[in-house]
Every structure is written in C-alpha cells, then in structure tokens.
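One structure is given here, and the rest of the page talks about it.
Each value in this text was obtained by applying a stated rule to the coordinates, not by laboratory testing. All of these numbers come straight from a predicted model, not from anything done at the bench. Note: ideal-geometry Cβ built from the backbone for every residue, glycine included; neighbour counts use all protein chains shown.
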Number of protein chains: 2
Amino acid sequence: MAAAHARDDGSQANRRRADHSETYLRLREAITGGRFQPNERLVEAQLVDLLGAGRSSIRAALVRLDQEGLVTRQPNRGARVRLISGREAVEIEQVRIALEKMLARSAAEHVTADDLADLEATVVEMHRRLEQDDRLGYSELNSRFHQRIWKMADNELAASLLATLKSQSIRVQYRTILQPGRADQSMREHVAILAALTAADPEATEAAMAEHLSHVVSTLRRAIATSQVRLPGAAASVAPEAVTSPLAAGANVAGA
Amino acid sequence: MAAAHARDDGSQANRRRADHSETYLRLREAITGGRFQPNERLVEAQLVDLLGAGRSSIRAALVRLDQEGLVTRQPNRGARVRLISGREAVEIEQVRIALEKMLARSAAEHVTADDLADLEATVVEMHRRLEQDDRLGYSELNSRFHQRIWKMADNELAASLLATLKSQSIRVQYRTILQPGRADQSMREHVAILAALTAADPEATEAAMAEHLSHVVSTLRRAIATSQVRLPGAAASVAPEAVTSPLAAGANVAGA
DNA sequence: GACCACAAAAGTATCGACAATTTCAAACTC
DNA sequence: GAGTTTGAAATTGTCGATACTTTTGTGGTC
C-alpha cells in the first residue's frame, strides 16, 4: 500500500529511478488492493502523477496488466480495471480446482517431515484464529496453507498461474469465509487434507483437496447469488479516486 | 512463468499503419514459427526494420510476449527468445494435463450431436493421414481434435491458457509423433476418448484423456532423453536472422 | 424539446532525440 | 602473459512533442 504522492525529488538531479517493474508492482498492488473500482477508468496522465513515474513506465505496466488479465485495454480508448463477470469467476474457479488438485497430488508425492510440521502448525493456528473469530487472520493462514502445498509440489508454473488467478478474483473470493457455517467446515476440510498428506497418499490428497474446493465453489455460488452484486453496468465515468471498495484496505483476503 | 490469456482483441485490421497488436502478432508468429533460435537475442533496432514498425510498437510487443512467457527480458540488457528448460517443459505438461482433464470432463457434460459428428470426422481423417504416413497432417488434425474439445467445454480461460502453453512448448512437442510406434497408439487413444464422449460419460472421458496425455508425456520424456538436446549454452551472440530451427517453417505442430 | 452538425477538449498512440547502461576490445600494468 | 583499466560502440530506457481518435459540449434547426 505504498502511499501515492511520493515525489521525492525537488532538486534538479531528480529521478529517483522509479524502475519499470517497480511501477508495475505498485500499480498492480493498487488494483488488487482495491484502490480502484472494478471497471474504473485508468487514465495514463492521472497514473503518472499518482505513481510518480514517467508515462512510458505506466504504459508498459498497463500492457503487462492487460496480458495478466487485471485490466482491459481498448485501442485509443484507454484502460480500465477489469471487471470479472460471474461467468469468468466460474471459469477461474474451475481452472483453479484443476491446478490445485494436480498440485495436491504432486505434493503428496514429495512430502517431507518439514512440510508436515509447517502445515500442522498452520492448521493449529488456523483453529486458534477461528476460536477468536478472527476471520481475516484465518484467511491469511488459509492462503499460507495452500501456498505451502504449492511449494511442496514444486511446479513454479502452476503456482504462478494460481497466484495470477487469485489476484483476478480477489474481489469475489473474499466472500466465502464470511458465510455462516463455512468456517467450521473449512477447518475440517483442511484437517482432512493434512491427514492425507501425512499418509503420503496422493490419491487421497487429491480427493480431499477436490472435496474442499468444491465446497468453496458452491459456497461462492451461493454468496454471489444471494447478495445480488450490483454491477456498475457502464460504470461511472467520473470515479475520481480514493473510492474504497468493500474489501479495500485489507491485504489479500483469500477464499477459504 | 507468466500467466496470460489472449484477450479477444477486436481485430479491426483495416489500419494502414501497422497497428500495435499487428506488430505483436507478427513478432509472436515469428517466434513460435521458429524464425528465431531459442535464446537468440532480440535487438529492438533489428526488429524495427525486420517488422517495419516503430520502436514503441516493438517495445510493447516485447513486454506482452515477456508476460506471456515467450521471451525473457532483463533490464538494460534486452530481450531474448525464451529457452524452455527440460524442467519447465515438464511443468508445462503437468499443467496441460490438469487442464485438459478438466476440460475433457466438462466437454462430456455438454456434448452435442454436432460435436460428435465433427470429432468423428476428424478421427476418420486422422486415420487416413496416418495411412498415408502424413505425420504433419496428422498433427494438425490432432490439434483440431483437442481444440474442439476445448470449445465444447466452454471455458475460455482454460482454453486460452492451454493455447499459451502450447506456444511455449512447440519446439519440444513436435517430437512425440515422430517416435516409432507412437502414431498407432495415439490413434487408438483418440478413438477411446471419442467413445467416452459419445457415451457422454464425464468420468470415462477424463480418464481416457488422462491416459492419452500420460503417454504423450512419457513419449516426450523418452524423446528428450535419447536425442540429447544440444542446448546453445551461452547462445551465440551473433545469430543474425533467418536462422531456421529444426521444425521451422511449418505451422504449429502439436504433440500427439 | 428532440435531433443533428460541428467545434473544443480529453486522452491515447507514435515518433524522435537524448540519457544511461552494458558490452567489447584495445591499451596498459605487473 | 594474465589480469585490469579505460574508452568507444551498441543498445536499452525515458522524456517531450506531435498526430490522431474518441468523447463531450454547444448552438442551430425543425
């Protein structure tokens, strides 16, 4: 959440070398962090003095984010924060499930004592957070749990794809854990995954993960269905700045 | 390691000026088509008069291709055609399998008479090509077969991810179908997939696809192992242009 | 008041020039 | 002769200016 105006110069030898990738990361963070509304217009000139970078950096960052699926760009008409439709959200979840299943299996094939220790600790801590009704903390640990599995599976490509997908659907995902009753069930499912990993049983691990994620998805579907999402159809062309989205402020809150 | 989905990009090509996305497509084509060696340096100035586009277009295209995983860029040191390591090739295949399995299952759930007719025709034609020992033609039809399944599954995200992955590993994939005995087996496997789809049996379809792909991978592994790939370690810094790779000229030759 | 034409404004796309960095090779030192 | 320094060439990174496109606003006409 680096603050905006960081014009640190003032002298002639300005240019604090805000690197290309630096700009990209900051813009990305701003988008995934919810500093912009979905579908909000991203005007290059505005970003220039919001991020304190040159226009070419901004431009490059937008191209990257477009390719990454976080913004959309239309020729001569600029860039907007990409709005994930319900359909796309489902597609994302399907892909996510396919990859996580594969990684879970793979993880079970390479499991080490170290991994198990870490996962156990995470699960224990998750339980504690749950008792304190600290849902945000739970979400973070949930992320950690899954990421440890990714690491165990040792497939960087899949892990990075998953990370990208997650950033695309953050706005949607954060809903699940808040649904009534979901937390306890989620807890049980994680325990089951851990058990299968402890047994070093790829088949069972994949199955447990599949079970877990299918519940996440159905919860998600329910959440979307009930709390009718009011899409900003043709979003306000105004949307000046600092409009804080529901999840806003918080760090990445993962689906659970 | 980058994600990426091809955006729909409305192709309003009628632009006398070599459009931005036009440049991107041409450069992409040049890379996947094998006009550049893996690891070959892509000097911006050279690309400018090779493609007849402005430097900013080239630059944007390189950023995109970087994100897509087809080239790598180092700050101040330019871009190179990405060289897929053996490890990465395996990762790609794993992801590909996970996604294709998912899509196969999904396809079986939505199968229509039209789809079956098309698939059958494709398989018949594949058989014919095989008898004529037309391996290239077979490969093309193989691609077509799989793409039809993607379409049936109706998950654009997964399909576009698969397309990207395929373009990354083209240089590796083309080997499989040339392996002795592989062709006949491949044929049988496609028939099995078709049968499962005809029965509209998601479980069986996924299994058949998994079986098929696991064979593709093991064939691939064998092919890589035997024909010791001679990596251009620290690739020639010269590599002027038009150096044609083994598969070269041909359109996309898919693994079978 | 609704509709159209046309002008002004906002914003993106692209080019050229210059600055900064890396690379390569020759000259130099020990 | 091996290793190091220095300088020039090659190449990438960034900025400013300009051309082009889309959007917005205004006034006239029926």
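Counting neighbouring beta carbons within 10 Å and listing from fewest to most, the residues B:Asp134, B:Asp184 come out as B:Asp184, B:Asp134. Counting from the shortest, the label point at B:Thr112, 7 Å from Cα toward Cβ, is 5.2 nm from the same position in each remaining copy. Charges on Cβ only, +1 for Lys and Arg, -1 for Asp and Glu, centred on the Cα centroid of region B:86-226; of B:Val123, B:Ser186, B:Thr176, which one is farthest towards the dipole's positive end? Ranked along the dipole, the leading option is B:Thr176. The length gained on full extension between A:Ala200 and A:Leu25, counted as 0.36 nm times the residue separation minus their Cα-Cα distance, comes to 59.2 nm. Local charge for A:Glu131 was computed over the other residues whose Cβ lies under 13 Å away, with Lys and Arg +1 and Asp and Glu -1, and equals -1. Residue by residue along A:158-166, Cβ atoms of other protein chains within 10 Å of the local Cβ number 4 on average. Dividing the Cα radius of gyration of region A:86-226 by its Kirkwood radius returns 0.94 for Rg/Rh. For the pair region B:44-100 / region A:128-174, the C-alpha centres are spaced 28 Å from each other.
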